[in-house]
Amino acid sequence: MAHPYHHALSSVKKWGGTVDDFMAVHAWFDQSKEITADFRHRALRHHAEGIFMAETIFGQTLTLSTGRIIPTRWVGEQHVKEDLGFIPSFADWVKAIRPEPWMGRSARIEALVDPHLASPVVEVS
């Protein structure tokens, strides 16, 4: 797997500036390696919605040390394309996840918390 530093070097080659201009964005995309240290970490942010999330976090544009302004989305797209070869949707990732029984288990709490569904409480004096 590529290191954020190498993605940043690629960004410098493409748009100029310095590695430090790009490191935060590339490190954010790969931060999920803290959770799982194999390619599956990419399911968290390596998709179209992740690219737009990066834009929300880092702003719509980055101002490089050279003064050049580039869209943050370009950097996210570059990162994902370098790792996957294309930009998948989150739905593409979900389709590839094998459902397990525990994933669908949930307690039905509606009757316990919704006052319109819960039985009235009768106080005894």
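Computed from the coordinates by the stated procedures, all read-outs in this text should not be read as laboratory data. This is a predicted model, so every value here is computed, not measured. Methodologically, a virtual Cβ is constructed for each residue, glycine included, from the backbone with ideal geometry; neighbour enumeration extends over all protein chains shown.
The shape of the chain can be summarised by an equivalent ellipsoid whose semi-axes, obtained from the alpha carbon gyration tensor, come to 43, 19, 12 Å from longest to shortest.
Against the chain, whose longest principal axis comes from its Cα atoms, helix 72-84 is set at around 90 degrees.
Between helix 4-15 and the chain there is an angle of about 50 degrees, using the helix long axis and the longest principal axis of the Cα atoms.
Put simply, the amide H of Leu62, placed in the peptide plane, has neighbours under 5 Å in Ile70, Thr72, leaving out anything fewer than 5 places away on its chain.
Where does each of Val75, Val94, Val19 land when they are ranked from fewest to most other beta-carbon atoms within 10 angstrom? Present the calculation step by step, with values, prior to reporting the outcome.
Values: Val75 27, Val94 11, Val19 15.
Ranked by crowding around the Cβ, least crowded first: Val94, Val19, Val75.
Spatially close Lys pairs in the chain, defined by Cα atoms under 24 Å apart and a spacing of eight or more places or different chains, total 5.
Okay, helix-only estimate at 222 nm for the chain: each DSSP H run of n ≥ 4 adds -39500 (n - 2.57), divide by all residues, round to 500 deg cm²/dmol; what do you get?
Working: 6 runs with 58 residues, N = 125.
Mean residue ellipticity, 222 nm, calculated: -13500 deg cm²/dmol.
Angle of helix 19-30 to the longest C-alpha principal axis of the chain, folded into 0 to 90 degrees and rounded to 10: 30°. With both labels modelled 7 Å from their Cα along Cα-to-Cβ, the Met23 to Leu84 distance reads 2.7 nm.
Which whole-number value in Å³ per residue fits the convex hull of the alpha carbons of the range 31-72?
Hull volume normalised by residue count: 88 Å³.
For the chain, a crude dipole built from +1 on the beta carbon of Lys and Arg and -1 on the beta carbon of Asp and Glu, taken about the Cα centre, is about 440 debye to the nearest 20. The ranking of Val12, Val80 by Cβ neighbour count inside 10 Å, starting from the fewest, reads Val12, Val80.
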